[in-house]
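Throughout, read-outs are computed from the coordinates displayed, never taken from laboratory work. Model, not experiment: these values are computed from the prediction. As a convention, Cβ positions derive from the backbone with ideal geometry for all residues, glycine included, and neighbour counts pool all protein chains shown.
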Amino acid sequence: MARPFLKMNGLSNDFVVVETRSGPFDPTAEEVRAIANRESGVGCDQLIALDKGDDGVDARVRFWNADGEEVGACGNGTRCVGWLLMQSTGKDEVVLETKAGRLVATRAGERLVSVDMGEPGLAWNEIPLAEEHDTRALDVALYHHADLMAPPGCVSMGNPHVVFFVPDAEQAPVTEAGPVVETHKLFPEHVNVGFAQVKGRDRIRLKVWERGAGLTKACGTGACAALVAAARRDLTGRHATLELDGGELFIEWRQDGHVIMTGPAAVDFAGELP
């Protein structure tokens, strides 16, 4: 039986969104990889399942990376399905249940959505790391390169991130260092790798090597992690515009500890999975 889907994107970070009211949806890793394949499938960075919610939740959301692994959080994907639900219900705010916890999406303008991503995990075992380290500035050499000598920071945004502060994001060895650091033994669940150039107290240029997906045009949780990591080192304030290859996100780490991400959501086309 064919199953309808929507192809969506947040700053060109693209998703296949499937709703499950027409029947259960529990794809195998092989099926996820087939859907995500850009040559023989629909093609996407992540697959998203939108399940019916309960107990005050508008929907339950599940995410899979292109390599078939189910993951706990996806910031740009959350923003997209939040917009989709607000459009269908007429609400200005929806609550989403994810493996990373409950997230609240709020209408912020024409096709703009703010998502309360909750509080970042900053303890070594919340990332998680394989052993105790200072997550503000790791004292471990993860990759030997002149641009990566400053100690990186680690943050969990429902998924693990390590953030390198680099002199020039355009020249950073993203595709060389990214896959090596992603699978470093320090990260038992592997890790998303950010390369952040601080351009001012309120502006960061960011490139992200995403675990299970590779180099992406935008990563919402990566943008959140980069702002938190920079603010912890007093490289920026607690809010900044993040410049990604696909566009800009505004991130705020509020005084109550919650991280708010604001950016666009777009529908590309509709189709059916075989």
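Of note:
- Dipole magnitude (debye, nearest 20) for the chain, charges at Cβ of Lys, Arg, Asp, Glu: 500
- Label sites at Glu39 and Asp67, each approximated as a point 7 angstrom past Cα along Cα to Cβ, lie 1.9 nm apart.
- Checking the cross-link pairs Lys52/Lys91; Lys7/Lys217; Lys99/Lys185 against a 19 Å limit on the alpha carbon distance flags Lys99/Lys185 as lying beyond it.
- Here the gap between Glu170 and Thr89, fully extended at 0.36 nm per residue and compared with their Cα-Cα distance, gives a gain of 25.0 nm.
- Added length on full extension, which subtracts the Cα-Cα distance from 0.36 nm per residue, Glu272 to Glu31: 85.3 nm
- Using 0.36 nm per residue and subtracting the Cα-Cα separation, the extra length available between Asp54 and Arg136 on full extension is 25.8 nm.
- Gyration tensor (Cα) of the chain, equivalent ellipsoid semi-axes in angstrom: 29, 21, 17
- Label-point separation, Ala146 to Lys199 (7 Å along Cα→Cβ), nm: 2.4
- Cα centroid of the range 173-235 to Cα centroid of the range 251-265, whole Å: 17
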